[in-house]
Amino acid sequence: AAGVIQSPRHLIKEKRETATLKCYPIPRHDTVYWYQQGPGQDPQFLISFYEKMQSDKGSIPDRFSAQQFSDYHSELNMSSLELGDSALYFCASSLQGRSYEQYFGPGTRLTVT
Amino acid sequence: AQKITQTQPGMFVQEKEAVTLDCTYDTSDPSYGLFWYKQPSSGEMIFLIYQGSYDQQNATEGRYSLNFQKARKSANLVISASQLGDSAMYFCAFKGAGSYQLTFGKGTKLSVIP
């Protein structure tokens, strides 16, 4: 079965640079979620989208923005990167109304040097 | 705000034995869901099991079962017949009915001993 696709899988950036992470949900899934997991930490919810509209917002820094496109894929844009942004970034997807069935992608490991 | 507590940072279990991973939660929401995810060292988050707050029966999925005690606000994961491949971090998570986000506990690192 098709799963959530995230690209790139690994990314190395320097401080103050920008990064864009991409997420392609499971076919027919219309809701996407972004989570950030710092080293040795539990995942923290950042933001979610349904039908290109923000559906919920968590602890997403102002330096980050995200959007969902008409084909339901989503991008997380991160600017002015800081060392503390080094983390594993997960995208998850679900059908609207079934947010209890969030399927996680493999994650993008971002390292900021 | 909801709070999820996993009191066991690490657990050891002998292969083929059963193990229980603890999870308690604190919420005033009347409707919610509880989840368990497995995270191997490779990093992916694997969904294991889900329990709705109004479900009358405890959820089961193969070797995984969720011991749900609503009055005590606990949702412990029971893994039967442990296998070496069960060695991983296990996260308990909560979702309120009106919310999209999952709130995770700090996790329990399970090590299965041959």
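Each reported figure results from applying straightforward, stated rules to the coordinates on display, with no laboratory input. Predicted model only: the values in this text are computed from it and were never measured. Virtual Cβ from ideal backbone geometry, glycine too; neighbours counted across all protein chains shown.
Per-peptide packing, taken as the mean over residues of other Cβ atoms within 10 Å, places B:76-83, A:16-23, B:26-33 in the sequence B:76-83, A:16-23, B:26-33 from highest down. Across the range B:23-71, Cα-Cα pairs farther apart than 16 Å form 45% of the total.
How are the Cα pair distances of chain A distributed, in percent, across 5 Å bins from 0? Bin by bin from 0 Å, the calculated values are 2, 13, 25, 26, 18, 10, 4, 1. Legend: residue pairs A:22/A:52; A:15/B:95; B:3/B:38; A:13/B:38, Cα-Cα distance threshold 24 Å; pairs beyond threshold, A:15/B:95; A:13/B:38.
Peptide A:97-107 has a mean shielding of 5, counted as Cβ atoms of other protein chains within 10 Å of each residue's Cβ. Can you give me the relative contact order of chain A as a percent, contacts being Cα pairs under 8 Å and 6 or more apart? It comes to 36 percent, rounded to a whole number.
Using the Kirkwood radius over C-alpha pairs as Rh, can you work out the diffusion coefficient of chain B via Stokes-Einstein at 37 °C, viscosity 0.692 mPa s, in µm² per second? For these conditions, the coefficient is 232 µm²/s. A convex hull fitted to the Cα coordinates of the protein assembly as shown yields 125 cubic angstrom per residue. Considering only alpha-carbon pairs that sit under 8 angstrom and 6 or more positions apart, the relative contact order computed for chain B is 38 percent. Both numbers refer to the Cα atoms of the range A:5-71; Rg and Dmax are 12.8, 37 Å.
Among residues other than residue A:18 with Cβ under 15 Å from its Cβ, the summed charge is -1 (Lys and Arg +1, Asp and Glu -1).
Averaged over the residues of A:45-57, the number of partner chain Cβ atoms lying within 10 Å of the residue Cβ comes to 2. The mean number of partner chain beta-carbon atoms within 10 angstrom of a residue's beta-carbon across peptide B:35-42 is 2. In the elastic network of chain B, a GNM with C-alpha springs shorter than 10 Å, the most mobile of B:59, B:93, B:75 is B:59.
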